[in-house]
1. Using heavy-atom solvent-accessible surface (probe 1.4 Å) with all chains present, what is the largest-first order of E231, E191?
2. 5 Å is the cut-off here: which amide hydrogens, built 1.01 Å from N in the peptide plane, fall below it relative to C280, excluding neighbours closer than 5 in sequence?
3. Please report Rg (one decimal) and Dmax (integer) in Å for the Cα set of the range 194-268.
4. Please list, in order along the range 254-271, the HN-Hα scalar couplings obtained from phi with the Karplus expression 6.51 cos²θ - 1.76 cosθ + 1.60 (θ = phi - 60°), rounded to whole Hz, x for Gly and Pro.
5. Using a simple spin-label model with points 7 Å from Cα along the Cα→Cβ vector, what separation in nm is obtained for L259 and R70?
6. Search the structure for amide H atoms under 5 Å from the amide H of I194, placed 1.01 Å from N in the peptide plane, and list their residues when 5 or more places away or on another chain.
7. May I ask you to rank E162, E218 by accessible area, largest first, using a 1.4 Å probe over the protein chains only?
8. Under a point spin-label approximation (7 Å from Cα along Cα-to-Cβ), what is the K180-Q102 distance to one decimal in nm?
Amino acid sequence: MIVVIPIVIVILIALASLFLLANRQRSATGNLSRETLSRDASTDPKGNDAATGTELELSAEARGRADDARAQAAGGLAKRRGSTPVVWEPVDPEELGVTRRQFLNRGILVTVLAALGTFGASLLAFLWPSSSGGFGGTIAAGKLSDITSFMATNLQPFYVPEARTYIQPYPANALPNAKKIYDDYIYAGMEQGIVALYQKCVHLGCRVPWCQSAQWFECPCHGSKYNRVGEKRDGPAPRGLDRFQALISGGAVSINTGLLSVGPPIGTNTTGQVAEGPHCVG
């Protein structure tokens, strides 16, 4: 109801405006001016013009001037008709310059090409593999001695955030079992005493935290559990944690995040480790 009232008021105002405009036009076109009324009054009812002698002289003079003007116009027209026609020549494009339509078309074309070029460059930069300095390349993790000392002291993995990787110790007595399961470039790092585990759960991609009490990796999203070296022990995960190549040179460790090894199959337990305390995830 509140909305209808303003609409009705607007309609009434519009109708009133149209009515006033129609009356004004009718009054302007339907009424005779004062000059017309006075001229009609000075005219003889029998059709004879009642103009004075002075008015007749002025009228004759005006007609003469009109005749002279018409004669001059006719003479000029005759001269123009008798003149030689002008030959049309095409205009030089350089003299004409760029028209408004050409300017707008070229501007739109340049804008579209610039946008496509920028988008293409950003797409190539996004898809181009990174050789170093970020995830997808080789990332420095630190000195091997510092990493192994940290893991032995704190009984927890050494985390490398730039590589999204946990570094864990790998026991030497489990190497014969590991050689049957893992790729050679993963086994090479195990021979140096470490394994680099990707932090992402292979079930639905959650980050898997470390459970200090159980000494396992336990995913809080759906309860998948992995032992110390990332081999699947429980939950819906289809395999163990994926892992990266660990490179050791000159006592320094680097993680090749561009080379991913798929985690070991269900049932793999090369170290034989069981939960060493209460689980963090039920």
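The values are calculated or read from the model by the stated rules, or taken from the named source; none is laboratory data. Since we're looking at a predicted model, the values are computed, not measured. All Cβ positions, even for glycine, are placed from backbone atoms using ideal geometry, and neighbour counts span all protein chains on display. Note: areas computed on protein heavy atoms with side chains; ligands, DNA, RNA excluded. Shrake-Rupley method; radii C 1.70, N 1.55, O 1.52, S 1.80 Å.
1. E191, E231
2. For C280, the qualifying residues are A214.
3. Spelled out, the Cα radius of gyration and Dmax of the range 194-268 are 12.6, 41 Å.
4. Working through the residues one at a time gives 9, 10, 8, 7, x, 10, 9, 10, 5, x, x, x, 4, x, 6, 8, 5, 8 Hz.
5. 10.8
6. Y170
7. Final ranking, largest accessible area leading: E162, E218.
8. A separation of 8.1 nm, rounded to one decimal place.
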